[in-house]
Amino acid sequence: MGVLGLLAAVAALGGALAPAARAGERPDAVNYAGDQEIGIFERLGEKVPLDLTFTDSTGKEVVLGDLLEHPTILTLVYYRCPTICSPLLRELGNTIDKLDMEPGVDFDLVTLSFDVEETTELAAQAKESLLSDRAREVPPDAWHFLTGTPENIEAITEAVGFKFRKEEGKDFVHAGTILFLTTDGKIVRYLNGKNLLPADIKLAVLDAAAGKPRDFFQRLQRLCYAYDPEGQTYVLQVNRLILIVTGTILGLFLLFLLLKRRPRRKADGGDTAPSERAV
């Protein structure tokens, strides 16, 4: 197969993979039922307040900034929610089971209830249920389940653009999202909706870990995929892939020409001196 044939094959492969990547698009990404006062209003590049204090599932008061030891996946839920929050957390847990990254090493998770009436006991029950249902071990200190005061909940939901409304009774109208934070609290990614792809989670964690050492294959993944804000997913960049392949082939071809043109040395180490030649 010639160079043109190889490039055509790469383009065809990219075309086949791109729709699969776009299959993760989530149309319910921004506003809830078209309500402009409820939904996810992204604050990419902004920082969450790191000095906010919350209560964890053991009843201990914790500072948000102290929990961000690694790139962090943040979820805002209320623990009694059966329609959006519980399926979202289960989907997140199932996706983590499939990742080739380690919770507590490559990333941490923080789940915060935005219902000021929910208790530490509910947070503990939610944590126990999710961690016990995992196919892989998730260290308890890698996933934090929090409750908080009205002031601190309002501060963080406002900082990340999470808008919700309490209905009559105890239910809330809200959207579902997963946020990715750097260790200094910067918001680098939103993945909205309840359908998650392991590749999207991994790439978002890598984005949150930008500036930290990564292996060759992780760097290659970030190079070949780009985040699509409209589709709320990562999409294969066919043009980048073709450029990489073309550059690799060109580099190998130039190396081949260079090696081919190098003069070959004689097995005896070169020409003998004139005085040593036979008369």
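Worth a mention:
- Only one of the numbered conditions (1) buried (at least 22 other Cβ atoms within 10 Å of the Cβ); (2) farther than 23 Å from residue 200 by Cα is not met by residue 82, and that is (1).
- Among (1) buried (at least 16 other Cβ atoms within 10 Å of the Cβ); (2) modelled with pLDDT under 95, the one test that residue 34 misses: (1)
- Residue within segment 112-129 that is part of a loop (DSSP other than H, G, I, E, B) and over 28 Å from residue 53 (Cβ atoms) present: no
- Residue that is of a type in the set (Lys, Arg), surrounded by 14 or more Cβ atoms within 10 Å (Cβ to Cβ), more than 26 Å from residue 41 (Cα to Cα) and at pLDDT 90 or above, where the choices are 163, 127, 202, 186: 127
- For segment 40-74, a residue qualifies if it is buried (at least 19 other Cβ atoms within 10 Å of the Cβ), within 21 Å of the chain's Cα centre (by Cα) and outside any loop (DSSP other than H, G, I, E, B), and the qualifying residues are 40, 64, 67, 72, 73, 74.
- The lone criterion from (1) crowded, with 18+ Cβ neighbours inside 10 Å; (2) under 24 Å from residue 159 (Cα atoms) left unmet by residue 116 is number (1).
The values are calculated or read from the model by the stated rules, or taken from the named source; none is laboratory data. Just so we're clear, the structure is a prediction, and the values are computed from it rather than from any experiment. Neighbour counts are summed over all protein chains in view; Cβ atoms, including those assigned to glycine, are modelled from backbone coordinates with ideal geometry.
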